[in-house]
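> Here you go, one structure.
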Amino acid sequence: MVFTSFCAVGLWHTGVQMGNLAFKYSGEGKIFGRLVESRAHGVFSQAGLLGWVIEPGDMRSFSQMPFGQRMHEIKIGEFQARKLYMEVTGKYRYEAYQSQTGLQAVIYYYLDKIYHDPLILRVSCVSFLAIVLVCWLNFVWCSFGIWPAFVSALGILSSPFLSETGDNVAHVVGAHYLVLVVMFWAYHKRIARLAAVAFSVVLLKLLLNGPEFLFDVLLLPFVSLVYYAILRQMPWSKIRHDACQLAIGVIAASVVAFSVVALQIIIVTQSLQAPFAHFVERSSSEHL
Amino acid sequence: MTTTYDGRQFHHHSFWDYTLTADLLDKYLGFTALAVGYRGITFIQFIGILSLLSVLAYYLYRLHHQRVILALLVTTWVSILCPLAWIVLAQGHSGSETGTDRYVWNLPFTFLALALIGVVLEQGSQEVRRIINRLHTG
């Protein structure tokens with residue numbers, strides 16, 4: 001029942017949006033651009049990077065534009081992506097987005113092959129988030145009782161994030177919360193290989209939705225450590241040991257994720273310096 | 001210079017800009033935390049309510065020495081560092097893309113806070129019932 005209500009509230013916003021035939025411009029054009037490219041040239045063309053589809057004669061580069069103008073142009077680009085996505089025809093120029101791996105687009109590609117409807121992408125996104133949230137509520141129920149779980153469910157349902165970002169196919173929001181849930185679960189089950197768990201889940205998050213909320217997510221495993229250190233009255237030696245394990249897992253996941261993106265950029269641009277130039281430019285920029 | 005969706009512009013004087021950080025914190029604390037229809041509370045109000053309930057939670061811990069309450073209380077307040085790390089360290093991004101970044105508070109501060117509120121309400125109501133029973137019998 002809780003799962004269904006999360007899905008319903010998450011998709012309510014989608015219903016409003018689909019009625020207006022409007023797409024959110026917070027990054028979704030990249031996904032639809034990628035789907036157009038995947039259909040035309042295969043799922044791993046352009047090294048599997050997300051990207052925008054632009055008219056062939058239009059030589060402007062989205063990533064080089066000033067931010068305000070870029071957002072305006074991307075909105076237009078997204079309508080174009082939608083048009084191409086629906087018609088499955090047309091010539092275009094592909095501009096790769098070089099900041100994330102784009103694993104979500106690989107999953108969407110196979111879903112899209114079966115259903116060929118953007119709604120299935122949204123439904124899959126919201127369902128994933130709803131499953132993760134139900135797991136969190138299960139943890140709260142097991143640890144603190146039914147009333148805290150009830151208050152949490154009401155709070156999550158009344159928070160605008162569920163309807164506003166829950167169905168965003170570019171920011172797979174469930175992946176952020178997956179890190180939280182999996183790390184608490186690992187401590188709850190007293191799993192010994194914490195480094196491996198932290199590595200896997202943070203890597204999955206970075207591949208699924210890129211460096212969004214990076215510093216926040218890197219600190220999440222340590223929150224679960226703080227909780228269980230106090231609850232189980234862990235000795236300092238154990239806390240130090242666990243903190244080192246988590247740090248190794250988290251740092252290794254970041255290094256692997258950024259190496260994968262760097263490799264993709266090298267394949268696309270055929271230049272060894274391109275990933276370094278891109279990361280340096282984006283680290284001091286206002287958009288990732 | 002950073003331009004936000006609503007057209008506001010921030011001037012960067014250096015890589016680390018304290019004015020921008022203060023402005024961002026002010027902005028992020030003003031976003032809606034919980035809402036039903038058009039009525040809602042902002043994050044600063046949510047944090048205010050949570051502070052009051054935290055005092056109550058500490059009192060309940062001292063009363064029954066349940067370690068789970070202390071663990072949740074401390075973790076909730078430590079976890080506020082996670083969203084603050086993103087808002088402050090990635091100030092360029094959090095300044096421009098406020099549409100999605102406003103929900104960084106949920107990761108995991110708001111979630112833990114909701115569990116803490118639930119624990120305080122449950123334990124607090126039990127305590128009140130116990131006091132009423134004692135008054136009746138006494």
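> State which entries of A:Lys113/A:Lys205; A:Lys30/A:Lys189; A:Lys30/B:Lys27 exceed 30 angstrom in Cα-Cα distance in the structure shown.
In this structure, A:Lys30/A:Lys189 exceed 30 Å between Cα atoms.
> Just from the alpha-carbon atoms, what are the Rg and Dmax of region A:121-193 in angstroms?
13.1, 38
> Keeping all protein chains in place, calculate the accessible area per residue for region B:19-100 (probe 1.4 angstrom), answer in Å².
On a per-residue basis, 45 Å².
> Rounded to two decimal places and with Rh computed the Kirkwood way over Cα pairs, what is Rg over Rh for region B:2-137?
Here the Rg-to-Rh quotient is 1.12.
> Then there's this: Which listed residue (B:Ile87, B:Ile69, B:Gly99) has the Cα farthest towards the positive end of the charge dipole for region B:10-108, taking +1 on Lys and Arg C-beta and -1 on Asp and Glu C-beta about the Cα centre?
Value computed over the given set: B:Ile69.
> Shifting gears a bit: Which residues does a label at A:Tyr115 reach in region A:126-148, if reach means a backbone N under 14 Å from a point 7 Å past the Cα toward the Cβ?
Residues passing the 14 Å test: A:126-130.
> Can I ask one more? Based only on the alpha carbon positions, what is the Kirkwood hydrodynamic radius of region B:50-104, in angstrom?
13.0 Å
> Can you work out the Karplus-derived ³J(HN,Hα) for every residue in region B:60-69? Use 6.51 cos²θ - 1.76 cosθ + 1.60 with θ = phi - 60°, whole Hz, and x for glycine or proline.
3J(HN,Hα) across region B:60-69, in whole Hz: 5, 5, 5, 6, 10, 6, 8, 5, 4, 5.
> Jot down the per residue volume, in cubic angstrom and as a whole number, of the convex hull over the alpha-carbon atoms of region A:152-193.
71 Å³
> Which angle from 0 to 90°, rounded to the nearest 10, does the C-alpha axis of helix B:18-29 make with the longest principal axis of chain B?
On a 0 to 90 degree scale, this one is about 50.
> Oh, and also: B:Trp77 accessible area, nearest 10 Å², 1.4 Å probe?
80 Å²
The values are calculated or read from the model by the stated rules, or taken from the named source; none is laboratory data. Bear in mind that the values here come from a model prediction, so they are computed numbers and not experimental data. So basically every Cβ, Gly included, is an ideal-geometry build from the backbone, and we count neighbours across all protein chains shown. Keep in mind that these areas ignore ligands, DNA and RNA; they rest on the heavy atoms of the full protein, side chains included. Shrake-Rupley method; radii C 1.70, N 1.55, O 1.52, S 1.80 Å.
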